[in-house]
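Contents: one structure, followed by commentary.
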Ligand SMILES: C[S@@+](CC[C@H](N)C(=O)[O-])C[C@H]1O[C@@H](n2cnc3c(N)ncnc32)[C@H](O)[C@@H]1O
């Protein structure tokens, strides 16, 4: 990783403890190999969201609902729309959202984000877009859904440093190398986008923050 693990652990030790329902979800994700956002990454994003005060957020990649629930709790006046294409994760997300009584605030759309634009549009426009799904499709997600952003819309893209592999010339795993190439292409495209200013933070797995120019 690009931040020494002892530094990450140190920061994590200072982060306020989460309520039992969230800790349970973190444990479930760890035990079942569900890739939820890393703690320092999500805390950083939540902090920025507190400053931005979005009224509507679109998330691509719900998994079991962890980040959607965290955003909803942090921003009680914001509505969250989130998309998940995996049936069993979608169902677990619905259960988790019900358990914490956030069904009114969070709408989960079941389907491939590349195919559900019409449904997503019904709940828009969105002040923030959070991309945290199939890494090879980030550019398509951005192209489709940035058009549903409000005037001062902000886009968060997670995993843009892919454990630091993007800065490594010799990735010794072919699958990783393909992924690295895709992420690097996305980062280069994003950083030179004529309509957005972007900066990459070395927190979590790397988060790109893009704001409309
Ligand atoms: C990294 S996980 C999301 C984690 C979640 N945001 C969190 O931090 O709690 C990515 C999820 O995106 C879903 N996904 C990947 N590609 C997708 C697509 N094209 N449309 C909808 N969901 C997708 C995967 O099934 C997976 O559950």
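The values are calculated or read from the model by the stated rules, or taken from the named source; none is laboratory data. These numbers come from a predicted model, not from an experiment. Neighbour counts are summed over all protein chains in view; Cβ atoms, including those assigned to glycine, are modelled from backbone coordinates with ideal geometry.
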The residue from 146, 150 that alone is farther than 25 Å from residue 179 by Cα and in contact with a strand residue (DSSP E or B) (Cβ under 7 Å, 6 or more places away or on another chain) is 150
Do you know which residues across region 111-138 are near the ligand (Cβ under 9 Å from one of its atoms), in contact (Cβ under 8 Å) with a residue 12 or more places away in the chain and over 23 Å from residue 42 (Cβ atoms)? 111, 112, 114, 116
Subset of region 26-53 (residues that are touching a residue at least 12 places away in the same chain (Cβ under 8 Å) and either over 29 Å from residue 121 (Cα atoms) or away from the ligand (no atom under 16 Å from the Cβ) (or both)): 26, 28, 29, 39, 40, 50, 52, 53
Taking the conditions exactly as written (within 16 Å of the ligand (Cβ to nearest atom) and loosely packed, with under 15 Cβ neighbours inside 10 Å), does residue 6 satisfy them or not? no
So residue 180 passes all but one of these: (1) out of contact with any helix residue (DSSP H, G or I) (no Cβ under 6 Å at 6 or more places or on another chain); (2) modelled with pLDDT under 95. Which condition number does it fail? (1)
Unique residue being more than 10 Å from the ligand (Cβ to nearest atom) and closer than 21 Å to residue 48 by Cα when the list is 74, 143: 74
If you check 155, 160, 171, which single one turns out to be away from the ligand (no atom under 12 Å from the Cβ) and modelled with pLDDT under 95? 171
Of all residues in region 124-135 being under 22 Å from residue 64 (Cα atoms) and modelled with pLDDT of 95 or more, which is surrounded by the fewest Cβ atoms within 10 Å (Cβ to Cβ)? 134
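When only residues in region 56-68 that are within 8 Å of the ligand (Cβ to nearest atom) and not in a loop (DSSP other than H, G, I, E, B) count, which is surrounded by the most Cβ atoms within 10 Å (Cβ to Cβ)?
Top of the filtered list is 60.
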List pairs: first residue in region 157-171 and farther than 27 Å from residue 59 by Cβ and in contact (Cβ under 8 Å) with a residue 60 or more places away in the chain, second residue part of a strand (DSSP E or B) and within 16 Å of the ligand (Cβ to nearest atom) anywhere in the structure, Cβ distance under 8 angstrom, at least six positions apart or on different chains. none
